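The values are calculated or read from the model by the stated rules, or taken from the named source; none is laboratory data. Keep in mind the model is a prediction, meaning the values are calculated, not measured. Every residue, glycine as well, gets a Cβ built from its backbone with ideal geometry; the counts of neighbours run over all protein chains shown.
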Amino acid sequence: MAAFRRLSQAVLRSSFNQSRQLSAVAHGEQHQSGRTWKILSFVVALPGVGVCMLNAFLKAQHHSHDQPEFTPYTHLRIRSKRFPWGDGNKTLFHNSHANPLPDGYEGHDH
């Protein structure tokens, strides 16, 4: 029984020493990986966001803000029952400039 106790203590001591060494190595690797992510954030992510913002701005400059011509297709804007808000004809996120009603854009006489 005493031999088993000595053996188990020796195994625990060696595993404790290994874990202490591994934690020291892991701490250095964590510091290096944090530094790598910080550099990547400033060198790749922020310029990428800037390029995307510039692209969106330039596309908005060239975008036409005119309403497309209304074509009353029978398979679009079907209202089988009323919406439970407002007058029952407009969707929840209705935009009067971009979303036509079944009979055309509202507020415009065409």
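Residue by residue, here is whether (1) part of a helix (DSSP H, G or I); (2) touching a His at 6+ places or on another chain (Cβ under 9 Å); (3) hydroxyl-bearing (Ser, Thr, Tyr) holds:
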residue: PRO47; (1), (2), (3): yes, no, no
residue: CYS52; (1), (2), (3): yes, no, no
residue: ALA56; (1), (2), (3): yes, no, no
residue: GLN61; (1), (2), (3): yes, no, no
residue: SER64; (1), (2), (3): no, no, yes
residue: PHE70; (1), (2), (3): no, yes, no
residue: THR74; (1), (2), (3): no, no, yes
Let me spell it out: the conditions are (1) at pLDDT below 90; (2) more than 30 Å from PRO102 (Cβ to Cβ); (3) small (Gly, Ala, Ser), and SER64 meets all of them except one. Which number is the exception?
(2)
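Yes/no per residue for (1) out of contact with any Ser or Thr (no Cβ under 9 Å at 6 or more places or on another chain); (2) among the charged types (D, E, K, R); (3) surrounded by 10 or more Cβ atoms within 10 Å (Cβ to Cβ):
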{"site": "GLY48", "(1), (2), (3)": "yes, no, yes"}
{"site": "MET53", "(1), (2), (3)": "yes, no, yes"}
{"site": "LYS59", "(1), (2), (3)": "yes, yes, no"}
{"site": "HIS65", "(1), (2), (3)": "yes, no, no"}
{"site": "THR74", "(1), (2), (3)": "yes, no, no"}
{"site": "ARG77", "(1), (2), (3)": "yes, yes, yes"}
{"site": "LYS90", "(1), (2), (3)": "no, yes, yes"}
{"site": "GLY107", "(1), (2), (3)": "no, no, no"}
For the range 79-86, state whether one or more residues are surrounded by fewer than 10 Cβ atoms within 10 Å (Cβ to Cβ) and of a type outside the set (Gly, Ala, Ser).
yes
